[in-house]
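The structure under discussion appears below in the form of structure tokens.
Values in this text are rule-based calculations from the coordinates and carry no lab data. Source: prediction; values computed, not measured. Positions of Cβ are backbone-derived with ideal geometry, glycine not excepted, and every protein chain shown enters the neighbour counts.
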Amino acid sequence: MTTTHTTKLIETIEHKAQEIAEQWYKNVKINPKTPIFHKMPQNDAIELALKFYSNYRKLFDTDKPFEEAHAIFSKYATTCYEMHIPLPQAIYSIILMRRHMWLFAEYQAVFETAVEQRHALESQSRMILMFDYAEYVVILTYDDLIRNEVEGQFKTMKIKSPFFVLWPGGVKEKGK
């Protein structure tokens, strides 16, 4: 549920999403941990961050934060997977998204008074939880996408997939 102090952060992110996404892009473009972004067209990369920043309020305005995070970040993961972004770089780009949100809020002095700063810490706890969910959902989605791709390749080669035995929790296992 959104509280007054959280609203200030959310509104800042919504109104400055493009600016925050551009700062994030400048970082991933040169960061040695995200080489896939170095040659990626700027608009494609920024769109990834904008989709997150524009959905940020949804993560706070829900009674079911994991379900909302799952909806948002499974789409993010699928997009990253389709863009051939390696999983570690997809995760690190999320970490950088979080960092740039807070750096921007801090730089803009969004939380000026001691009370606002205390409330910011409370918002940060909620945000950390949301990003924990995000990372888990991205990993889970990549796992399913990779498994489905490999199982599809096994089918084309007319080989029975060993994943239901070798990869517990897989698609075949879920159906049991």
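For K26 and R99 in the same chain, what is the full-extension length gain: residue separation times 0.36 nm, less their Cα-Cα distance, in nm?
25.0 nm
Please sort by residue number the trypsin sites (Lys or Arg not before Pro) in the stretch 27-96 whose DSSP state is loop and whose Cβ has at most 15 other Cβ atoms within 10 Å. All intermediate terms of the calculation are to be shown ahead of the outcome.
Details: sites: K29, K33, K39, K51, R57, K58, K75; in loops: K33, K39.
Sites meeting the loop and neighbour criteria: K33, K39.
Quick one: H15, H100, H84, fewest Cβ neighbours within 10 Å first, how do they rank?
The order, fewest Cβ neighbours first, is H84, H15, H100.
How far apart, in nm, are two points set 7 Å out from the Cα along the Cα-to-Cβ line at Q42 and at N148?
Inter-label distance under the simple model: 3.4 nm.
What is the fewest-to-most order of S74, S54 by other Cβ atoms lying within 10 Å of their Cβ?
So the ranking, lowest neighbour count to highest, is S54, S74.
Cross-link list K39/K75; K26/K64; K51/K155; K29/K58; K29/K75: which exceed 24 angstrom alpha carbon to alpha carbon?
Numbers: K39/K75 22 Å; K26/K64 33 Å; K51/K155 34 Å; K29/K58 28 Å; K29/K75 22 Å.
Pairs exceeding 24 Å: K26/K64; K51/K155; K29/K58.
Return P(r) of the stretch 1-103 (all Cα-Cα pairs; 5 Å bins starting at 0; whole %; ordered from short to long distances).
Binned Cα distances yield the sequence 2, 13, 23, 25, 19, 11, 5, 2, 0.
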